[in-house]
1. Looking only at residues in the stretch 1-23 that are under 20 Å from the mean Cα position of the chain (by Cα) and surrounded by 20 or more Cβ atoms within 10 Å (Cβ to Cβ), which one is modelled with the highest pLDDT?
2. Working only within the stretch 142-157, note down all residues that are closer than 10 Å to Leu122 by Cα and crowded, with 16+ Cβ neighbours inside 10 Å.
3. Can you run down the residue pairs with Cβ atoms below 6 Å, 6 or more apart or on separate chains, where the first is in the stretch 29-44 and over 22 Å from Tyr65 (Cβ atoms) and the partner is part of a loop (DSSP other than H, G, I, E, B) and modelled with pLDDT of 80 or more?
4. Hey, can you tell me all the residues within the stretch 10-46 that are within 15 Å of Leu76 (Cα to Cα) and hydrophobic (A, V, I, L, M, F, W, C)?
5. Out of the stretch 32-47, which residues are surrounded by fewer than 17 Cβ atoms within 10 Å (Cβ to Cβ) and either of a type in the set (Lys, Arg) or not in a helix (DSSP H, G or I) (or both)?
6. May I ask you to list the residues in the stretch 140-157 that are of a type in the set (S, T, N, Q) and out of contact with any Pro (no Cβ under 7 Å at 6 or more places or on another chain)?
7. Which of (1) part of a helix (DSSP H, G or I); (2) at pLDDT 75 or above does Tyr105 not meet, given it meets every other one?
8. Within the stretch 24-36, work out how many residues are more than 11 Å from the chain's Cα centre (by Cα) and of a type in the set (Val, Ile, Thr).
Amino acid sequence: MELIIANGIGALAGWLGSHQQEAYIILFLGAFFETLIGPSFFIPGEIFLLAGSILGGTYVLNIWYVALALYSGALLGDNSSYFIGYRSSGTIFKEGRRIFNPENYKKGAAFFSRYGNRAIFLARILGPLSWITPCLAGVYRVRYSTFLIYNTPGIFVGIGEFLIVGYFFGNQYQTILNIIQYYFLIIIVIVIAIFAIYWFWRTKYQNPLPYPILKIS
């Protein structure tokens with residue numbers, strides 16, 4: 001997987017560099033569809049974020065236009081996913097379904113009621129969660145004003161990380177790609193281990209979440 005991402009970044013960066021007129025539109029669409037529930041299952045957003053920021057850092061593209069394309073695409077994608085989840089919340093969870101069943105709905109509602117605000121913000125920093133959290137926030141009826149307050153800063157921080165790396169280290173993009181290729185799996189394993197330890201600690205030493213809590217402010 002890490003090799004595919006690294007190769008994808010290199011291929012996309014090469015194409016964008018030779019098609020600068022269309023580059024910003026492609027970056028906008030990439031940032032949009034990687035957060036839109038459905039297409040986000042198949043589109044690795046890191047490819048667009050890193051390719052755009054690297055080209056901005058090497059002055060092949062204008063870093064400000066890159067930032068505008070990525071931010072606006074991510075904002076539109078997250079907000080679209082929120083409203084898709086909000087409008088379809090009554091049809092997703094049904095009796096007899098393995099994952100989307102009423103019991104899991106109650107658990108998810110309780111989670112968002114207790115941790116929702118922080119989860120919305122952190123999802124944008126913890127990349128693997130960013131594609132589904134906006135939709136779930138809509139499904140569990142997190143207030144739209146609350147969603148905006150926590151999601152928008154998360155987008156700016158999350159994408160800002162890539163822009164900073166690209167701007168200051170763009171000239172060493174091949175080194176960055178090598179790091180991604182050789183250490184991506186190790187980083188993922190470490191992140192999973194941290195979450196597993198945290199889950200074990202919560203389960204063993206603290207009371208389980210109350211069920212159900214369906215009204216979320």
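The values are calculated or read from the model by the stated rules, or taken from the named source; none is laboratory data. A quick note: this is a predicted structure, and the numbers were derived from the prediction, not measured. Note that each Cβ is placed from the backbone with ideal geometry, even for glycine, and that neighbours are counted across all protein chains shown.
1. Of everything passing the filter in the stretch 1-23, Leu12 is modelled with the highest pLDDT.
2. Passing the criteria: Tyr150, Asn151, Gly154, Ile155.
3. Ser40/Glu34
4. Those that are within 15 Å of Leu76 (Cα to Cα) and hydrophobic (A, V, I, L, M, F, W, C): Ile25, Ile26, Leu27, Phe28, Leu29, Ala31, Phe32, Phe33, Leu36, Ile37.
5. Scanning the stretch 32-47 gives Gly38, Phe42.
6. Restricting attention to the stretch 140-157, the residues satisfying the condition of being of a type in the set (S, T, N, Q) are 145-146, 151-152.
Those that are of a type in the set (S, T, N, Q) and out of contact with any Pro (no Cβ under 7 Å at 6 or more places or on another chain): Ser145, Thr146, Thr152.
7. (2)
8. 2
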